[in-house]
1. Determine which member of the set A:THR221, A:THR233, A:THR261 is of a type in the set (Ser, Thr, Tyr) and either farther than 28 Å from A:VAL396 by Cα or at pLDDT 85 or above (or both).
2. Select from segment B:405-415 the residues that are part of a helix (DSSP H, G or I) and in contact (Cβ under 8 Å) with a residue 60 or more places away in the chain and list them in ascending order.
3. A:THR461 is checked against (1) within 30 Å of A:GLY237 (Cβ to Cβ); (2) in contact with a strand residue (DSSP E or B) (Cβ under 9 Å, 6 or more places away or on another chain) and fails just one. What number does that condition carry?
4. Quick one: count up the residues across segment B:388-409 that are surrounded by fewer than 21 Cβ atoms within 10 Å (Cβ to Cβ) and not charged (D, E, K, R).
5. List the residue pairs whose Cβ atoms are under 9 Å apart, where the first residue sits in segment B:555-582 and is within 14 Å of chain A (Cβ to nearest Cβ), the second is part of a strand (DSSP E or B) and modelled with pLDDT under 80, and the two are 6 or more positions apart or on different chains.
6. What tally of residues in segment B:288-311 results from selecting those that are part of a helix (DSSP H, G or I), in contact (Cβ under 8 Å) with a residue 40 or more places away in the chain and away from chain A (no Cβ under 14 Å)?
7. Which residues, taken from segment A:392-437, are more than 14 Å from chain B (Cβ to nearest Cβ) and of a type in the set (D, E, K, R)?
8. Find the residue count for segment B:457-482, including only residues that are at pLDDT below 80 and within 40 Å of the chain's Cα centre (by Cα).
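The values are calculated or read from the model by the stated rules, or taken from the named source; none is laboratory data. What you see is a predicted model; the values in this text were computed from it and never measured. Positions of Cβ are backbone-derived with ideal geometry, glycine not excepted, and every protein chain shown enters the neighbour counts.
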Protein chains: 2
Amino acid sequence: MFPAVLPERFRSILLKRLPVLSWLPRYNLEYAISDAVAGVTVGLTIIPQAIAYASLAGMPPQYGLYSAISGGFVYIILGTCKDVSIGLTALLALLTSTYTRNTNPDMAVLLCFLSGCIELLCGVLQVGFLVDFISVPVVNGFTSAAAIIIASSQLKGILGIRFQSDGFIDTWRQLGTNIWRARLWDMVLGVCCIVTLLSLRKLKDVKPSSSEDGKPPSGRTKVLEKLAWFMSTARNGMVVVICAAIAVVFHGKDQEPFILTGVIDPGLPPFGPPPFSTSFGNTTYTFVDMCRYMGSGIAVVPIISILGNVAIAKAFSSGMVVDATQEMIALGVCNILGSFLRSMPVNGSFSCSAVNNASGVRTQLGAMYTGIIVILALSLLTPYFYFIPQATLSAVIICAVLFMVDVEILGPIWRYSRLDLVPLLSTFITSLWLGVEVGIVVGVVVDLVFLLYFTARPKVTVEKVTSGSDPEYMLVTPSTGLQFPAVDFIREVVTKASLPEEERARQLPIVVDCRHIHRADYTAAQGLQALIRDFRQSERHVILHNLKPTVFSTLGGVCSSDLTYSNTHEELMDTLRGLHTGAEVSQL
Amino acid sequence: MFPAVLPERFRSILLKRLPVLSWLPRYNLEYAISDAVAGVTVGLTIIPQAIAYASLAGMPPQYGLYSAISGGFVYIILGTCKDVSIGLTALLALLTSTYTRNTNPDMAVLLCFLSGCIELLCGVLQVGFLVDFISVPVVNGFTSAAAIIIASSQLKGILGIRFQSDGFIDTWRQLGTNIWRARLWDMVLGVCCIVTLLSLRKLKDVKPSSSEDGKPPSGRTKVLEKLAWFMSTARNGMVVVICAAIAVVFHGKDQEPFILTGVIDPGLPPFGPPPFSTSFGNTTYTFVDMCRYMGSGIAVVPIISILGNVAIAKAFSSGMVVDATQEMIALGVCNILGSFLRSMPVNGSFSCSAVNNASGVRTQLGAMYTGIIVILALSLLTPYFYFIPQATLSAVIICAVLFMVDVEILGPIWRYSRLDLVPLLSTFITSLWLGVEVGIVVGVVVDLVFLLYFTARPKVTVEKVTSGSDPEYMLVTPSTGLQFPAVDFIREVVTKASLPEEERARQLPIVVDCRHIHRADYTAAQGLQALIRDFRQSERHVILHNLKPTVFSTLGGVCSSDLTYSNTHEELMDTLRGLHTGAEVSQL
């Protein structure tokens, strides 16, 4: 193909950075049909979710749809994983609402642009490894808390109450004081929607009875299965359409029974650079003012986006290595370009990606059909979106996030890795109490403290070795690298352990088995030298056994003449016998 | 002795927390004479240094002496190391001046009280292990930079110029613009003092020629040696007395040739609680205002104090394990009680402790004599302190800190542990550029980044094992613990390595040698499970070899049925043969 004339190195970089080049040349009709089916299915899922998440983020509903356009097209060219579907997610909507509360959409669009820039920068600087420092328990505590916060914030939609709330605790306080203002019909509709959505979700798992015995399923069963699968997958769209129809029927009465979505601006968003200044509440905000308003959001939103995207790509990679750098670049361009189309921050959506995968998508091109469906909806369907009841959208959100709360993880963690409960619970509790953006920072810090603690306090085993006629010695085995925070601890352990009960053992040489030590820094080498000198003062010898070459060069250089070492058991025994004779000679 | 009637456990705690109980019962006349000699010698060293460091901290000179009183008495009861001499140090004086610049002594006294409280708290909470996270290169970069900053700040004293400066760079800028205002006689005196002090310092190392051959030194040589040692040790006091005498001679002339110390308030400081509010510059500061003014100093000063004290105690412990917790408690009480006597923050002084050790101190009681000398000086000598020239004090400080700049460390670090240059130089440069308090934080962060990097990117070796008739396999050996930031990296390395050039090897089972893995967390266990599943998809097996029991329980619990493992070479071979047969059967 076209890159074939290029030098090999440049060609491999091009293939790596433009993944489209690797699959587009092989594209065929079969792929195209599969992609079209999957893309349209995802489109039907993404439209109701986009409107719902826009309201969760406190934005006009059309912004949800704007956010669903550009990401997919960019991901076709730059994305590495065919299943990933880029769009608004509940988590990013929650974060966007946290950082742009009480402002106008301009703020969210600028946040999208800045997040994109930071994601692109992370990709270019290859700092994707930072994502490794967010452990599974922290992610779990964070997403569970976010899901509970989001579900709580939507209860007011189900109840038909309106209020502005400031965090999880405030939401429940206000729900308590405003409960008497709940509207009957909104509640009825909301509860019905939740029940319907949950039932339809279950439908996918129900197998017709005939398939349980060995016989191959009949044609009718196959159709039934297909229908059940489609109803389950398109449940959000179906419920929204039916509820909107009900709302149309009751429309025009004296008192509207449901709170409706209201007017959605029709048509595509204007194409233009993101707003670098804005005004609301009689104040004009410059670019700097806007950045100051969003504060840490400019860092938190891209980190969470990257984390989500890499996690989804890994989940669907089926054993292939995920190129985190390329994912960050793709995500960055998605958001930068998105901000020119007035998008809010977007990343890979787990639910949409799962639908994409289940619908049999073959390449990233499926996203094109999703994008076309969204554009068509914006051009033609907005008058009908007016009638979507808020309670229905709240039900859609609640049913989507409910399964993000993962309680099952607690069992294995409690039984097999209890210490991991500390980062999990501290993330969960701080997220609920002070907000998800604080929660994730607290979780990561707790995790790092543990990591550093285990670096500073390695396991050190000390034993007295006696075997037949061989010389006796004290064997000290540190379990891990000799890094600076550990060296004083090791020195203490060795000093304490070298003073055993029996008087005779106090004269034994110390053998430090360095087989597990793969790295030593200057501080560690100095500490070891101090240890050797300490023992020399009481006329005892320290022998370093099984030194790795790199460690030997550091220790040998820093400790210079003080070092006694051995590489094999025989060498060790010879050295020990030599010490023994030497000691006897000096006693003569 | 008296604690003998107490229960054993309580008695050992009492001995640990009141170290005086362990040595006082054995105290005798010989000890008393040695302690008195050493204590008086230290007193003669500490008085000129105290006055000099007070001026370095921007405080009235008597505050330096106030700071030298209480610490020693407290350390007698609570201190663990006989050689440590508590008092003002150049580093703490520099930090005090940084955090209390342009205020009055009340601020420094409150800083002393708060530092003491934090030190005591650190001792009680046993968080002394935090000191382990400050590596030798960081300490080195920090003290070298501090020494250069201090020496630079004293050049104006030598030149006889007066100005207020704001940091290292500003000092040099102001020296440049004010150099034309230099005063001749101050300069002459300052340079003479520096030359004299450096020569006297060298005197200690000069051995009379007769001692070089084998003969024992004669009586006269011994006396000469003793005299040289005394002149070298008491050099600060001697130079200050001589210069003050010169100043007295020239006093009363029309124009005073030297800038003098001026009036020192005579008598002991008033005993009373530290000031919890103060006023200067027509403003009254409440306790909260004062704390806000000192800001991070409230944390930095105690950390540096603890670091210094523990380091000195370790240097003089001659192989005994230093009880860092007890050192922190002692230091905390020294500062808290000190603040009742209007002391500035104090800690162990390396130079005074070295004098103490060299003078043959036997127990902590030596500090009592030092304290008495300081009290006598405050009561009787203050009228004479008026005449001490500032240039002389600057010379004393410069000669004291000059040897804190350690260039020799650079050689071994460059040759054997080059990576350690990064924390060293970043600490050094940021300390000079932005101040020592920023420098140490930057150094520690750089160090932690390295530590975390090596935790996240362990060495993983991958090799193909072929030996005779035994089944072939790919052997993967991670070098260190399976902690969460490393697991995705290990997964990637294994996945990449498992795709060797030869087609045949692509079917080989993977054996992960876990002998170096002493701990696995939940994230790591999940990652391992994902790895095993990835390979199972391509019908390859992963065998965990040499699992430690604790790691096995975590992995076994989380990965449940997916685990294949072996503990000995025979078990491994049996398992591999089993897989082989299984594969053949399934192919039939």
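1. Working: A:THR233 fails: either farther than 28 Å from A:VAL396 by Cα or at pLDDT 85 or above (or both); A:THR261 fails: either farther than 28 Å from A:VAL396 by Cα or at pLDDT 85 or above (or both).
Within the list A:THR221, A:THR233, A:THR261, the selection yields A:THR221.
2. Here is the first cut: in segment B:405-415, the residues part of a helix (DSSP H, G or I) are B:410-415.
B:ILE413, the sole residue that qualifies.
3. It fails just one condition, (1).
4. 6
5. B:LEU555/B:LEU482
6. So the first thing to find is which residues in segment B:288-311 are part of a helix (DSSP H, G or I), and the list is B:288-294, B:297-311.
Filter once more, so that each one left must be in contact (Cβ under 8 Å) with a residue 40 or more places away in the chain: B:290-291, B:293-294, B:297-311.
Now restrict to residues that are away from chain A (no Cβ under 14 Å): B:290-291, B:293-294, B:297-305, B:308-309.
Residues meeting the conditions: 15.
7. Within segment A:392-437, the subset more than 14 Å from chain B (Cβ to nearest Cβ) is A:392-405, A:407, A:426, A:428-437.
Passing the criteria: only A:GLU437.
8. Residues in segment B:457-482 being at pLDDT below 80 and within 40 Å of the chain's Cα centre (by Cα): 4 in total.
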